[in-house]
Amino acid sequence: MKELIEALNIFLKYGNPSRPTHCEHDTLWICGYTQEEISPEDTKTLEKLGFFYSEGNGTWMSYRYGSA
């Protein structure tokens, strides 16, 4: 839980907390943040926390925090 909160706090630094999230098929999507607006340092941290940017979906995704 601590790592998920850390990742969400990173996203929160970059804007509106009401940007949508979506969880489906064991995947958590964080929508509305482009790859370019997240700093390289935060991108590395997000990757360590299990998130990656999906060009195909245009969202940040994680398989670590998907549905149970």
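The values are calculated or read from the model by the stated rules, or taken from the named source; none is laboratory data. As the structure is a prediction and not an experimental result, all values here were calculated from the model. Here Cβ is always computed from backbone atoms with ideal geometry, including for glycine, and neighbour counts include all displayed protein chains. All accessible areas refer to the heavy atoms of the entire protein, side chains included, with ligands and DNA or RNA removed. Shrake-Rupley method; radii C 1.70, N 1.55, O 1.52, S 1.80 Å.
The chymotrypsin sites (Phe, Trp or Tyr not before Pro) of the chain meeting both criteria, a DSSP state outside H, G, I, E and B (loop) and at most 15 other C-beta atoms within 10 angstrom of the site's C-beta, are TYR14, TYR63. Entry comment: accessible area of the chain is 65 Å² per residue, from protein heavy atoms only and a probe of 1.4 Å. For the range 19-68, carbon and sulfur atoms together expose 52% of the accessible surface, with a 1.4 angstrom probe and every protein chain in place.
The 3J(HN,Hα) values that the Karplus relation (6.51, -1.76, 1.60; θ = phi - 60°) gives for the range 20-32 are, in residue order, x, 10, 8, 10, 7, 6, 6, 10, 9, 10, 10, 9, x Hz. Gly and Pro appear as x. Per-residue HN-Hα couplings for the range 55-65, Karplus 6.51 cos²θ - 1.76 cosθ + 1.60 at θ = phi - 60°, whole Hz, x for Gly and Pro? Once rounded to whole Hz, the list reads 4, x, 9, x, 9, 8, 9, 8, 8, 6, 10.
Per-residue ellipticity at 222 nm from helix content only, as computed over the chain with -39500 (n - 2.57) for each DSSP H run of at least four residues, stands at -8500 deg cm²/dmol.
Given Cβ point charges of +1 (Lys, Arg) and -1 (Asp, Glu) and nothing else, what value in debye, to the nearest 20, does the dipole of the chain about its Cα centre take?
180
Mean-square fluctuations from a GNM of the chain, with a 10 angstrom spring cutoff on Cα atoms, peak among SER54, SER39, SER18 at SER18.
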